[in-house]
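Reviewing the structure listed below.
The values are calculated or read from the model by the stated rules, or taken from the named source; none is laboratory data. The structure displayed is predicted, hence computed values, not measured ones. Positions of Cβ are generated from backbone atoms using ideal geometry, with glycine treated the same way; all protein chains shown enter the neighbour counts.
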Amino acid sequence: MGNGPAVEEVIIHTGQHYDANMSEIFFNQMEIPKPTVMLDFGALSHGTMTGRMLEAIEKEILARRPDWVLVYGDTNSTLAGALAAAKLHVPVAHVEAGLRSFNKAMPEEINRILTDHTSTRLFCPTSTAVRNLAREGITEGVHHVGDVMYDAALQFGALAEKTSTILDDLKLTPKSYLLATVHRQENTDSRERLENIFAAFAEIATADRPLVLPMHPRTRSFVKRYGMEPQLLRNPNVRTIDPVGFLDMIFLEKQAAVILTDSGGVQKEAYFHGVPCITLRDETEWVETVEAGWNQVAGADKGAVMMAVDGGSVGKVIHEYGEGTASEAILSYLLYVVPTS
């Protein structure tokens, strides 16, 4: 790419992920340039947040007239960026296109569908994602490029090994602890589901195999609302901590015995680092991880989670995610391939 055209990148940070350990530290540790535009739309309802983002991003697009608007994933920021660009007839490129949980109760599922149907370039991490789009009539501009998160896992996994001190800080032994993350709306907004998940955690955590739970700000607010702090404290081997930095989280994932999560990204990262995963949802977009034997979908059922922990195992190699060159492929398509529609 060294002899290719010059590219000016303008980063718009919407503020949707507003915790310092879940936003600012990523820019610092991954050496991402500081955002050109910094908005502040965290901690709002879905409609309010998306509407304000849409208005603000539209102004930036009108002022800057970019050749492409590049959006990632399935957040409200993703949808707002795609809608703002599409209405102004600026081509949209969607990274992680074609993912489907087939559960429209998830806000993320609505964001994915609408973003894909407004995009000119759709960069899919798997062939399953390509097929999902084809079933919805989307075939133009669709490319299976592999997974950009695998690119990041290769690049930053080695760095985390060299720099992170999180295991020493928490006095953890490699491969002798469980790592959990919980933040999805389907779990946090349901007291019953959250109580069941925490009850499972209390049963499976032991002195020899503690469970470490970096507490997402969203989850912490619901724990307080439901008065569930005593339940979390019932077993001292369930260790709740503040969100950790990017490299520390990677190292916690790499060294865990098993990962329990409702995060799509963490499911994949578990596979990238060779760690069995238990998904605390009723379905997953990353069906390859289940089919290959790395991931078990347990939902919020206490018994299912306990059984899954005891049955966690490694699986087969997943070639769908590529060789760590997805980012290069995306850049090539944006710079050198003329859209056909």
- Residue ID - surrounded by the fewest Cβ atoms within 10 Å (Cβ to Cβ), chosen from residues in segment 237-251 that are among the β-branched types (Val, Ile, Thr) and not in a strand (DSSP E or B): Val244
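Wholly within segment 133-226, which strands (runs of 3 or more DSSP E) include no fewer than the required count, namely at least 2 residues that are outside the structural domain of Thr284 (by TED's automatic domain parsing), at pLDDT below 95 and of a type in the set (S, T, N, Q)? Quick ask: steps written out before the conclusion?
Details: elements: 142-144, 178-181, 211-214.
In segment 133-226, there are no strands (runs of 3 or more DSSP E) which contain 2 or more residues that are outside the structural domain of Thr284 (by TED's automatic domain parsing), at pLDDT below 95 and of a type in the set (S, T, N, Q).
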- Query: What number of residues in segment 114-132 are in a helix (DSSP H, G or I), under 15 Å from Glu285 (Cα atoms) and either out of contact with any Gly (no Cβ under 7 Å at 6 or more places or on another chain) or at pLDDT below 95 (or both)?
  - Reply: 3
- Query: Do you know which of the residues in segment 102-111 that are of a type outside the set (Gly, Ala, Ser) and out of contact with any Ser or Thr (no Cβ under 7 Å at 6 or more places or on another chain) is surrounded by the most Cβ atoms within 10 Å (Cβ to Cβ)?
  - Reply: Glu108
- Task: Considering only segment 69-90, state which residues are in a loop (DSSP other than H, G, I, E, B) and within 23 Å of the chain's Cα centre (by Cα).
- Result: Gly73, Asp74, Thr75
- Item | Breaking point among (1) in contact with a Ser or Thr (Cβ under 6 Å, 6 or more places away or on another chain); (2) at positive phi, for Lys171 | (1)
- Query: Of everything in segment 200-236 that's surrounded by 15 or more Cβ atoms within 10 Å (Cβ to Cβ) and of a type in the set (S, T, N, Q), which residue is farthest from Ala300 (Cα to Cα)?
  - Reply: Asn235
- Query: Does segment 91-113 hold any residues that are on the phi < 0 side of the Ramachandran plot and assigned to a loop (DSSP other than H, G, I, E, B), and which are they?
  - Reply: Pro91, Ala97, Leu99, Arg100, Ser101, Asn103, Lys104, Ala105, Met106
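Has segment 80-101 got any residue that is free of Cβ contacts under 8 Å to residues at least 24 places away in the same chain and either crowded, with 18+ Cβ neighbours inside 10 Å or closer than 26 Å to Asn187 by Cβ (or both)?
No - not one qualifying residue is present in segment 80-101.
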- If we scan segment 96-110, do we find a residue that is among the polar types (S, T, N, Q), in contact with a helix residue (DSSP H, G or I) (Cβ under 8 Å, 6 or more places away or on another chain) and closer than 24 Å to Val7 by Cβ? no
- Item | Those residues of segment 191-244 which are farther than 15 Å from Met306 by Cα and of a type in the set (Ser, Thr, Tyr), in sequence order | Thr219, Ser221, Tyr226, Thr240
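Taking the condition within 19 Å of Leu331 (Cβ to Cβ) and under 16 Å from the mean Cα position of the chain (by Cα), does Glu96 pass? Before you say what the answer is, go through the steps one by one.
Numbers: within 19 Å of Leu331 (Cβ to Cβ): yes; under 16 Å from the mean Cα position of the chain (by Cα): yes.
Judged against the criteria, Glu96 is a match.
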- Message: I'd like the residue in segment 168-199 that is under 23 Å from the mean Cα position of the chain (by Cα) and among the hydrophobic types (A, V, I, L, M, F, W, C) and, out of all such residues, is surrounded by the fewest Cβ atoms within 10 Å (Cβ to Cβ).
- Response: Leu194
- Task: Could you please find all residues in segment 5-33 being among the hydroxyl-bearing types (Ser, Thr, Tyr) and at pLDDT 75 or above?
- Result: Thr14
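Is there a residue in segment 69-78 that is farther than 25 Å from Gly15 by Cα and either free of Cβ contacts under 8 Å to residues at least 24 places away in the same chain or surrounded by fewer than 24 Cβ atoms within 10 Å (Cβ to Cβ) (or both)? Write out each step before concluding.
Going residue by residue through segment 69-78, those that are farther than 25 Å from Gly15 by Cα are none.
The answer is no; no qualifying residue exists.
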